[in-house]
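Novice: Next up is a structure, given as structure tokens.
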Amino acid sequence: MNRIFLCLLGVTTLLLAACNGQTKSGLSKADTIALATCPRFNADNAMRFIKEQCEFGPRVTGSEASRLCGDYLIERFKSFGAEVEEQPGIVTTWEGKQLSARNIIAHVNPANTDRILLCSHWDSRPWADNDPDEANWHTPVLAANDGASGVAVMLEICRLLQEKPVQVGIDLICFDAEDLGTPLWEEDRIGSSDTWCLGSKFWAERAMMDGYKARYGVLLDMVGGFGATFSREGTSRQLAQPLVNIVWQLAGQLGYRQFFPLDDSGYITDDHINVNDAGIPCIDIIPNYDDGPSSFGPTWHTIKDTPDNIDPNVLEAVGQTLTQLIYNEY
């Protein structure tokens, strides 16, 4: 907790300097952050990266599609100038089955100890257990939004960093085994919340053993769905409120307030929990739908999570906001 406090103190200092002394309780409409010159995020590229991931089929942890797509991601990040680390691990699923998992970590400016972190999961849900048709519940999810969208945003940002380099160290982490959690038909099983986010869990354990540090982190989860809006998630506010303020303020200044309303949502079990446990204040950019069968959107854990249900405008809003955040480090 001391490490989290120190990181939060640094982010708070940045926020106060940029936003006219506003406290972490929020930003007024009169507050602005000076916008550094930064490249334009290309949503068409992000769409292409989504489609390329989905061409492998569902990337369920431990599957052949997962192996092939993981190799693709490694080569993509390398082609954009990043040094790539593979982090293998063994995870135990809700029914006690052990699977080989692989986190993929792209390092930009690896020699710089002053680092920030972007992350997303890249695996697919093994079953479409939220599909309205029960006949589809045991069908793997293609995961265009719930997995591929966040990774695609990171790939495009990595490409931009190669074209217009920065000095800060950046780690782009693709977590495996996020979506192996207990299926809905088994929700009464004890300890089901511990069956999610398994890749980020073993990443966090190793990060603490290795003494890894980053000033802050941003998790991207389902950042491309039609109609998506991103409310300020509960754990993000609790452990990284200053960073929440900065990101939502930047989004508003860039003209993306419709996607980043100044609304609060509840606490979500997601990979950012484990990143925070590793001592790094991390926020979760995750959608919050007001209506429909799920607060995560109509395609969440269904067979409809396909590239044709991705909105490039949403990808742009998230991608450009994060690009601005990174280039504002200078």
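The values are calculated or read from the model by the stated rules, or taken from the named source; none is laboratory data. Quick caveat, the model's predicted, so the values are computed rather than measured. As a convention, Cβ positions derive from the backbone with ideal geometry for all residues, glycine included, and neighbour counts pool all protein chains shown. Keep in mind that these areas ignore ligands, DNA and RNA; they rest on the heavy atoms of the full protein, side chains included. Shrake-Rupley method; radii C 1.70, N 1.55, O 1.52, S 1.80 Å.
Novice: In segment 230-252, which residues are open to solvent by 20 Å² or more (accessible area, probe 1.4 Å) and of a type in the set (Gly, Ala, Ser)?
Specialist: Within segment 230-252, just Gly252 meets the criteria.
Novice: What is the residue count in segment 305-330 for residues that are under 21 Å from Asp179 (Cβ atoms) and either without any contact (Cβ under 8 Å) to a residue 40 or more places away in the chain or not in a loop (DSSP other than H, G, I, E, B) (or both)?
Specialist: Number of matching residues: 7.
Novice: Same structure, new question: Hey, does segment 272-279 have a residue that's among the polar types (S, T, N, Q) and either within 17 Å of Val153 (Cβ to Cβ) or within 14 Å of the chain's Cα centre (by Cα) (or both)?
Specialist: First, pick out the residues of segment 272-279 that are among the polar types (S, T, N, Q): 274, 276.
Filter once more, keeping what is either within 17 Å of Val153 (Cβ to Cβ) or within 14 Å of the chain's Cα centre (by Cα) (or both): 274, 276.
Checked segment 272-279: at least one residue is among the polar types (S, T, N, Q) and either within 17 Å of Val153 (Cβ to Cβ) or within 14 Å of the chain's Cα centre (by Cα) (or both).
Novice: So, one more: If a residue must be assigned to a loop (DSSP other than H, G, I, E, B) and under 15 Å from Pro312 (Cα atoms), how many such residues does segment 222-234 contain?
Specialist: The qualifying residues number 7.
Novice: Need pairs with beta-carbon distance below 6 Å; first residue of a type in the set (Lys, Arg) and within segment 97-113, second open to solvent by less than 70 Å² (accessible area, probe 1.4 Å); sequence gap 6+ or separate chains.
Specialist: Note: pairs meeting the criteria are Arg102/Gly70; Arg102/Asp176.
Novice: Please state which one of Glu329, Glu316 is of a type in the set (D, E, K, R), out of contact with any strand residue (DSSP E or B) (no Cβ under 9 Å at 6 or more places or on another chain) and closer than 20 Å to Gly217 by Cα. Steps first, answer last, please.
Specialist: Values: Glu329 fails: out of contact with any strand residue (DSSP E or B) (no Cβ under 9 Å at 6 or more places or on another chain).
Exactly one residue qualifies, and that residue is Glu316.
Novice: Okay, next question. Would you mind finding the one in Leu142, Leu172, Leu155 that is of a type outside the set (Ser, Thr, Tyr) and part of a helix (DSSP H, G or I)?
Specialist: Numbers: Leu142 fails: part of a helix (DSSP H, G or I); Leu172 fails: part of a helix (DSSP H, G or I).
Unique residue meeting the criteria: Leu155.
Novice: For segment 258-268, enumerate the residues that are within 27 Å of Ser193 (Cβ to Cβ), in contact with a Gly (Cβ under 8 Å, 6 or more places away or on another chain) and of a type outside the set (Gly, Ala, Ser). Outline the logic, then answer.
Specialist: Step one: list which residues in segment 258-268 are within 27 Å of Ser193 (Cβ to Cβ), which gives 263-268.
When the remaining residues are screened for being in contact with a Gly (Cβ under 8 Å, 6 or more places away or on another chain), the result is 264-268.
Once the filter is applied, which keeps residues that are within 27 Å of Ser193 (Cβ to Cβ), in contact with a Gly (Cβ under 8 Å, 6 or more places away or on another chain) and of a type outside the set (Gly, Ala, Ser), segment 258-268 yields Asp264, Tyr267, Ile268.
Novice: On to the next question. Residues being in a helix (DSSP H, G or I) and farther than 27 Å from Gly211 by Cα: count how many of those fall in segment 237-285.
Specialist: Total satisfying the criteria: 7.
Novice: Can I ask one more? Do you know which of the residues in segment 192-236 that are more than 22 Å from Leu155 (Cβ to Cβ) and among the β-branched types (Val, Ile, Thr) is farthest from the chain's Cα centre (by Cα)?
Specialist: Among residues in segment 192-236 that are more than 22 Å from Leu155 (Cβ to Cβ) and among the β-branched types (Val, Ile, Thr), the one farthest from the chain's Cα centre (by Cα) is Thr195.
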